Amino acid sequence: MSRDNHPSQSDHIEPPRHEDSRRALLQSLGVHLGLVLVIWLGTMLSTPNDPNPVQITLWADGNSPDNAPEPVPEPEKPVPTPTEPARPEPRPEPPPEPEPVPQPTPDVRPDPQPDPEIALEEKRKEEARKQEEERRQAEQQRREQERRNQERQEQQRLQQERQAAERAEREKIEQERKQAEEERQKRQEEQRQREQAEAERKAAADKAAAEKAAAEKAAAEKAAAERKAAQDKAAAERRAREEAARREQEARMQQLRDSMRADATGAAGIPGGTADRNQAGGQNDAGYAGQVRACIQPGVSFASPARTGSNNPVAQFRVQLDSSGQVTNLALARSSGNQVFDRAVETGIRRCSPFPRPPSGRYPSSIDVVYRMYD
C-alpha cells in the first residue's frame with residue numbers, strides 16, 4: 001500500500017474537542033447575554049415608560065468551531081452608554097387638584113425578558129452547531145474507521161509478507177540441509193569406493209605375493225625333493241650294487257652248494273629229490289624251467305644295466321599254486337640286491353598265472369622260482 005493512502009500525522013488536523021467547543025460557546029453566550037442585560041437595565045432606568053424603541057443587533061463570530069482552531073475569548077469591549085434622547089419642553093400643567101395622599105406602594109418591576117429574535121437565533125445556531133458537530137463526529141468516525149481498515153489491511157499485508165519470508169527462509173534452510181546431506185553422502189560413498197578399491201588392490205597384491213611365495217616354496221621344495229630323490233637314488237643304486245654283488249656272491253656259493261648237494265643225491269641213488277622236483281631250472285627238468293622263465297619274462301619290466309664281469313644277480317621267490325596252477329601267494333626267498341629288479345620279477349610271476357603245466361600233469365603246492373638278470 002502506498003504512502004499516498006495514509007495521511008501523515010503532520011497533515012492531519014484534529015478538530016477541537018467537544019468540551020472545548022462547548023466551553024467557548026457558553027462563554028460567548030454569557031458575554032452576549034451580559035451585554036443584553038446591561039443594555040436592557042440601562043434602558044429601563046433612564047427612559048420613560050413610552051420611549052422610542054431601540055433596536056440592537058448582535059453579531060456572533062462566524063467561524064465554526066469545527067473548521068477553525070479553538071476560539072480564544074476576546075476581551076470585553078467597553079459598552080457605550082446609550083445617549084438619552086432630547087426631551088421636549090414640558091407643557092405647563094394645570095395645578096392638580098388636591099387629592100388625598102395615597103399610601104406609597106413598592107416599585108415592582110417585571111423580570112427582564114430576553115429578546116425573542118436573539119433567543120431564536122441562538123437556538124438556530126445551537127441546532128446548526130449540533131448538526132455540524134454530528135456531521136464532524138460522523139466524518140471523524142468514518143475517517144477513523146477507514147484508518148483502522150487501512151491499518152488492518154497493512155498489518156495483514158505485512159503479516160503475509162513476513163509469513164512468506166519465513167516460509168522462503170525455511171525452504172531455503174531445508175534445501176541447504178538436503179544439499180549438505182547429499183554432499184555428505186556423496187563424500188562417504190566416494191570414501192567407501194576408495195577404501196574398497198584400496199582393499200581390493202591390497203588383497204590382490206597379498207594374493208599375488210602369497211601365490212609367488214607359494215610357487216617359490218613349491219619350487220624350492222620340488223628342487224629339494226628332486227635333490228633328495230637323486231641322492232636317494234644314487235644311494236639306493238650304490239646299495240643295490242653292493243647288495244647285488246653280495247647276493248651274486250651268495251648265489252655262486254648257493255649254486256655251488258646246490259651242485260654239491262645234487263651230486264651227492266645222484267650219487268646216493270635218490271631219484272626225484274627236492275632239487276630235481278621243486279627247483280625250476282634243475283638238471284633233470286631244464287625244459288620246464290625254460291617254460292616258466294618264458295612265461296615270467298614278458299611281465300618283467302626292467303632295463304638291465306650293462307653287465308660287468310661275471311656278475312649275474314639272482315632273485316628267488318617261493319610261489320604258492322592251487323590245483324589249476326593259479327598263483328595264490330609268493331614270497332621273496334632271496335633278494336638280488338636290487339629292489340627294482342626284485343619288484344619287476346615279482347610282477348612278472350603274478351602275471352604268469354596260471355603257471356605252465358608240469359610234465360607230470362599235476363601242479364605242486366609250491367615251487368621255487370630262480371630268476372637271473374642276465375639269462
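Around GLU189, with a cut-off of 11 angstrom between Cβ atoms, what is the net charge of the other residues, counting Lys and Arg +1 and Asp and Glu -1?
Residues close to GLU189 contribute a combined charge of +1.
For ARG187 paired with SER301, estimate the spin-label separation in nm (one decimal), with each label point 7 Å from Cα along the Cα-to-Cβ line.
7.4 nm
Report the full-extension gain for the segment GLU127 to VAL31: residue separation times 0.36 nm, less the Cα-Cα distance, to one decimal in nm.
32.6 nm
Enumerate the calculated ³J(HN,Hα) couplings along segment 303-315 in order (Karplus 6.51 cos²θ - 1.76 cosθ + 1.60, θ = phi - 60°), each rounded to whole Hz, writing x wherever the residue is Gly or Pro.
Ordered by residue, 3J(HN,Hα) equals 8, 5, x, 5, 6, 10, x, 9, 5, 9, x, 10, 10 Hz.
Could you give each residue of segment 134-141 its phi-based ³J(HN,Hα) in whole Hz, using Karplus coefficients 6.51, -1.76, 1.60 with θ = phi - 60°, and x for Gly or Pro?
5, 5, 5, 5, 4, 5, 5, 5
Please rank TYR288, TYR371, fewest neighbouring Cβ atoms within 10 Å first, as an exposure proxy.
Ordered by Cβ neighbours within 10 Å, fewest first: TYR288, TYR371.
Taking the highest mean first, how do the peptides 200-207, 21-28 order by number of other beta carbon atoms within 10 angstrom per residue?
21-28, 200-207
Return the sequence-ordered ³J(HN,Hα) values of segment 169-180 in whole Hz as given by the Karplus equation 6.51 cos²θ - 1.76 cosθ + 1.60 applied to θ = phi - 60°, using x for Gly and Pro.
5, 5, 4, 5, 4, 5, 5, 5, 5, 4, 5, 5
Identify all lysines with a Cα-Cα distance to LYS125 below 30 Å; exclude those on the same chain that are fewer than 8 residues away in sequence.
LYS77
Looking only at segment 180-208, which residues have a backbone nitrogen under 18 Å from a spot 7 Å from the Cα of ALA215 in the C-beta direction?
Hits in segment 180-208 for ALA215 at 18 Å: 203-208.
Once amide H atoms are placed 1.01 Å from N in the peptide plane, what residues at a sequence separation of 5 or more from SER366, or on another chain, have their amide H within under 5 Å of its amide H?
LEU321
If one computes the Cα centroid of segment 214-238 and of segment 322-347, what distance in Å separates the two points?
30 Å
Sequence-distant or interchain residues sharing an amide H contact under 5 Å with ASN312, placed H: which?
Excluding prolines and chain starts, which carry no amide H, there are no hits.
Could you compute the net charge surrounding SER301? Neighbours are other residues with a C-beta less than 11 Å from the C-beta of SER301; K and R count +1, D and E count -1.
+2
Net charge near GLU221, counting Lys/Arg +1 and Asp/Glu -1 over other residues with Cβ under 12 Å of its Cβ?
Summing Lys/Arg as +1 and Asp/Glu as -1 gives +2.
Near the amide H of ALA333, under 5 Å away, which other amide H atoms are found, from residues 5 or more places off or on another chain, if H is placed in the peptide plane?
It is GLN316, PHE317, ARG318, by chain and number.
No value in this document is a laboratory result; all are computed from the given coordinates. Everything numeric here is computed off the predicted structure, so don't read it as measured data. As a convention, Cβ positions derive from the backbone with ideal geometry for all residues, glycine included, and neighbour counts pool all protein chains shown.
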